[in-house]
Amino acid sequence: MSAIDIVGQYGAAMAAGDMRALAATFAADAVWHQPGESQVSGNKVGPDAIIAHLGRFMELSGGTFVLETESATESGDLVSATVRFRAAREGHADLEQHGVDVFRVADGRIAEVWLISEDQQAEDAFWGHA
């Protein structure tokens, strides 16, 4: 299975809210690099930590966080996906941005994820500081 197919499985599991299938797309030592300086920033290691991290987005946004993949391309073991994400949070301006997610796939699993947001400062303000 190609790298882009693996990332496609990740996207389908995210869209369906299937956390078991989502966790299965990650390598045991996968690293999620969350940029910025908010309470959700930092590296998350392993499927359990990554799933908990994604759950934190839902928790903080009252279940309004939505991520849509607009396009994806692959080059060897790397997949770049243009995304649009949005969320609402009481007391904060709504979050709606574009970004690029970069995945590294190894041995049929996602090994690493890097996120690049359109406006990191606005995203940090939305999620709030620790």
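At-a-glance table
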| item | result |
| --- | --- |
| Rough spin-label spacing in nm, given labels placed 7 Å along Cα→Cβ, for Glu37 and Asp5 | 4.4 nm |
| Modelled FRET efficiency - R0 25 Å, Ala125 with Val100, Cβ distances, 0.05 increments | 0.80 |
| Global form of region 17-63, assessed from the alpha-carbon gyration tensor, a/c cut-off 1.5 | oblate |
| Which of Ile110, Ala88, Ser75, positive extreme of dipole for the chain (C-beta unit charges) | Ile110 |
| Accessible area of Leu67 in the full protein assembly, 1.4 Å probe (Å², nearest 10) | 60 Å² |
| Theoretical gain in end-to-end length, Asp29 to Arg56 [0.36 nm per residue, Cα-Cα removed] | 7.7 nm |
| Gyration tensor verdict on the chain (Cα atoms; rounded if a/c is under 1.5, prolate if a/b is larger than b/c, oblate otherwise) | prolate |
| FRET efficiency for Glu90 and Val45, using Cβ-Cβ distance with R0 set to 30 Å, rounded to 0.05 | 0.45 |
| Dipole axis of region 1-127 (+1 Lys, Arg; -1 Asp, Glu on Cβ), positive-most option in Ala125, Ala23, Pro35 | Ala23 |
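The values are calculated or read from the model by the stated rules, or taken from the named source; none is laboratory data. This is a predicted model, so every value here is computed, not measured. Positions of Cβ are backbone-derived with ideal geometry, glycine not excepted, and every protein chain shown enters the neighbour counts. Protein only, heavy atoms only, side chains kept; ligands, DNA and RNA dropped before computing areas. Shrake-Rupley method; radii C 1.70, N 1.55, O 1.52, S 1.80 Å.
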